[in-house]
1. If Thr54 meets every condition in (1) surrounded by 11 or more Cβ atoms within 10 Å (Cβ to Cβ); (2) modelled with pLDDT of 80 or more apart from one, which number is that one?
2. Kindly check whether there is at least one residue in the range 60-83 that is within 18 Å of Arg108 (Cα to Cα), modelled with pLDDT under 90 and among the acidic types (Asp, Glu).
3. Quick one: Ala113 ticks every box in (1) at pLDDT below 90; (2) among the hydrophobic types (A, V, I, L, M, F, W, C); (3) in contact with a strand residue (DSSP E or B) (Cβ under 8 Å, 6 or more places away or on another chain); (4) not in a helix (DSSP H, G or I) bar one, so which box is it?
Amino acid sequence: MTRCWPCVVVTMCCCLLAVTTASHAESWMLWQQATVFTERWWVPKGWSSHWRATELTPVGLAEFPTLADCEVAQTHAVSRDANLAREGEAKEKSGTSVARSVNRFAARSGLTAVRSQGVGQ
């Protein structure tokens with residue numbers, strides 16, 4: 001019995017690791033990446049370099065158990081972002097200086113998203 005004890009412990013750890021990895025792979029993460037445009041006032045307005053684009057690091061917004069839940073949250077995030085963009089355009093037309101930005105949203109499986117961020121390398 002004493003010789004089997006280490007085998008039982010190793011087997012239990014492997015099973016626990018397999019269950020943990022499987023449950024993590026089934027989750028979905030909603031990601032957001034923003035691109036901020038900064039106005040270069042010294043460049044004439046008609047020129048292509050009048051605005052400078054800076055891409056920010058992607059941010060994980062929330063984790064969901066299914067792809068369908070993640071896609072619903074993505075739809076809500078896109079509509080909120082569109083409303084904020086319309087408000088920004090209205091402020092800009094009124095003469096108020098505002099920063100321009102564009103947000104992109106993506107739904108990715110949890111395990112893929114963790115690997116893409118360099119975790120565990």
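1. Thr54 satisfies every listed condition except (1).
2. Within the range 60-83, not a single residue is within 18 Å of Arg108 (Cα to Cα), modelled with pLDDT under 90 and among the acidic types (Asp, Glu).
3. For Ala113, the failing item is (4).
The values are calculated or read from the model by the stated rules, or taken from the named source; none is laboratory data. None of the values given here were measured: they were computed from a predicted structure. No Cβ is skipped: glycine too gets one built from the backbone with ideal geometry, and neighbour counts run over all protein chains shown.
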